[in-house]
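A quick write-up on the structure given underneath.
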Amino acid sequence: MSMADNTAGNTSEGAAAAQHAGQIGLWERFDRFGAEPDVAGAAAEAEELGYATLWIGGAFPGHLFENAEKVLAATSRLTFASGILNIRMFPIEDTLAGLAALDKTDPDRFILGLGVSHEEFMRQEGEEFVPPLAAMRAYLDALDAAGIGEDRRVLAALGPKMLRLAAERSAGAHPYFTTPAHTAEARALLGDDPYLAPEQKVILEADPATARGIAREAMGLYLGLANYRNSLKRLGFTDEDLADGGSDRLVDAIVAWGDEDTVAARVHEHLAAGADQVAVHILPAAPGATGLPREEWRRLAPALLG
């Protein structure tokens with residue numbers, strides 16, 4: 001399958017939530033900058049460049065649905081996806097209200113990506129811990145009761161149990177902080193039909209020391225969380241790989257760095273391993289960079305999209 005063919009690959013006909021999504025998307029967090037980003041302008045440019053989807057992080061309460069409305073209003077083809085909506089931060093009533101508002105705009109261009117928070121965060125906040133699978137099943141039950149069908153949602157899934165739940169109760173999976181090897185394993189567990197859209201971190205920087213320094217800074221939070229550590233160990237990484245910000249082997253597996261063609265090659269590895277779409281997450285190479293990485297979007301578009 002060619003990267004230049006920006007159309008869905010393994011998506012089943014029933015996965016209506018992903019019907020507009022092509023092979024290359026962008027992953028971003030609109031809430032990580034001090035100033036309010038130009039959401040509508042960024043979305044319009046992403047669509048013009050040829051990207052198929054904007055995956056927007058919604059792990060913490062913010063303006064996820066408001067941003068979705070802006071994106072859909074400013075575009076005609078681009079899909080908006082929550083990557084992910086944290087079910088412990090978004091009460092079901094809020095999610096249903098947000099979906100109802102989007103349905104008035106364009107329900108066919110929104111993917112509801114759902115994920116469970118981390119035990120470490122919950123214990124820090126003194127919250128009651130509910131096992132991830134039980135928490136997700138309860139949330140999906142509430143969506144079902146409200147008439148929000150399986151074909152409108154995907155799950156943030158890393159381990160075998162959550163991947164199986166994604167195949168049974170949603171259109172597919174959106175793994176985060178993974179490798180092409182995980183994509184191959186996820187495809188095998190999901191089967192042929194469910195949608196699979198892994199996130200891939202990239203840096204347009206050719207110097208190894210500089211690139212790995214940027215990567216380690218971005219990876220630090222995740223290496224301290226048990227579910228990501230367990231996922232990496234299932235892939236064959238050791239405690240030594242996970243220590244001190246990550247070994248070079250681990251850093252290079254999680255973050256694709258180099259020139260445009262090198263980054264595009266890593267994205268192609270995911271597609272060859274069974275991904276329907278790759279959500280490209282650009283880590284700015286410039287120290288202290290703020291704002292959405294729209295220049296990097298432009299630089300990467302020819303290599304990624306053909």
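Within the assembled protein chains, the solvent-accessible surface assigned to residue 66 is about 90 Å², based on a 1.4 Å probe. Remark: the range 94-199 carries 40 Å² of accessible area per residue (probe radius 1.4 Å; ligands, DNA and RNA excluded).
From largest to smallest, the equivalent ellipsoid semi-axes obtained for the range 265-306 from the alpha-carbon gyration tensor read 23, 11, 8 Å.
Please work out whether the range 162-306 counts as rounded, prolate or oblate from its C-alpha gyration tensor, where a ≥ b ≥ c are the square roots of the eigenvalues and a/c under 1.5 means rounded, while otherwise a/b larger than b/c means prolate and anything else oblate? In terms of gyration-tensor shape, oblate. Net charge of the neighbourhood of residue 163, taken over other residues with C-beta under 12 Å away and scored Lys/Arg +1, Asp/Glu -1, is +3. Across all Cα pairs in the range 123-205, the calculated P(r) in 5 Å bins from zero up to the longest distance comes to 3, 14, 24, 19, 17, 12, 8, 3, 1, 0 percent per bin. When the helices of the chain are scored as -39500 (n - 2.57) per DSSP H run of n ≥ 4 and the total is divided over every residue, the value at 222 nm lands at -13000 deg cm²/dmol. Remark: accessible surface ordering of 201, 104, 70, 161 (largest first) is 104, 161, 70, 201, probe radius 1.4 Å.
Applying 1/(1 + (r/R0)^6) with R0 = 22 Å to the Cβ-Cβ distance of residue 265 and residue 181 gives a FRET efficiency near 0.90.
How big is the equivalent ellipsoid of the range 208-293 along its three axes, where each semi-axis is √(5λ) from the Cα gyration tensor, reported in whole Å from largest to smallest?
The three semi-axes for the range 208-293 are 21, 19, 12 Å.
Taking other residues whose beta carbon is less than 11 angstrom from the beta carbon of residue 209, and scoring Lys, Arg as +1 and Asp, Glu as -1, yields -1. Sorting 268, 281, 63 by solvent-accessible area of protein heavy atoms yields 63, 268, 281, largest first, with a 1.4 Å probe.
P(r) for the chain, from all Cα pairs and a bin width of 20 Å, is 35, 61, 3 %, short bins first. The label point for residue 192 and the one for residue 93, both projected 7 Å from the Cα toward the Cβ, are 4.6 nm apart. Each residue of the range 184-200 is assigned a 3J(HN,Hα), and the resulting list reads 5, 5, 5, 4, 5, 6, 6, x, 6, 7, x, 6, 9, 9, x, 8, 10 Hz, derived from the Karplus form 6.51 cos²θ - 1.76 cosθ + 1.60 (θ = phi - 60°), x at Gly and Pro. Rolling a 1.4 Å probe over the protein heavy atoms gives the range 234-306 an accessible area of 41 Å² per residue. Ranked from largest to smallest solvent-accessible area, with a 1.4 Å probe on the protein heavy atoms, 162, 219 come out as 162, 219.
The accessible surface of the range 175-306, taken with every protein chain in place and a 1.4 Å probe, is 51 percent carbon and sulfur. Shape annotation for the range 56-179: C-alpha extents along the principal axes are 40, 34, 29 Å, from largest to smallest.
The values are calculated or read from the model by the stated rules, or taken from the named source; none is laboratory data. All values reported here derive from a predicted model rather than from experimental measurement. Glycine gets a Cβ as well: all are built from the backbone with ideal geometry, and neighbour counts include every protein chain shown. With ligands, DNA and RNA removed, areas are computed over all heavy atoms of the protein, side chains included. Shrake-Rupley method; radii C 1.70, N 1.55, O 1.52, S 1.80 Å.
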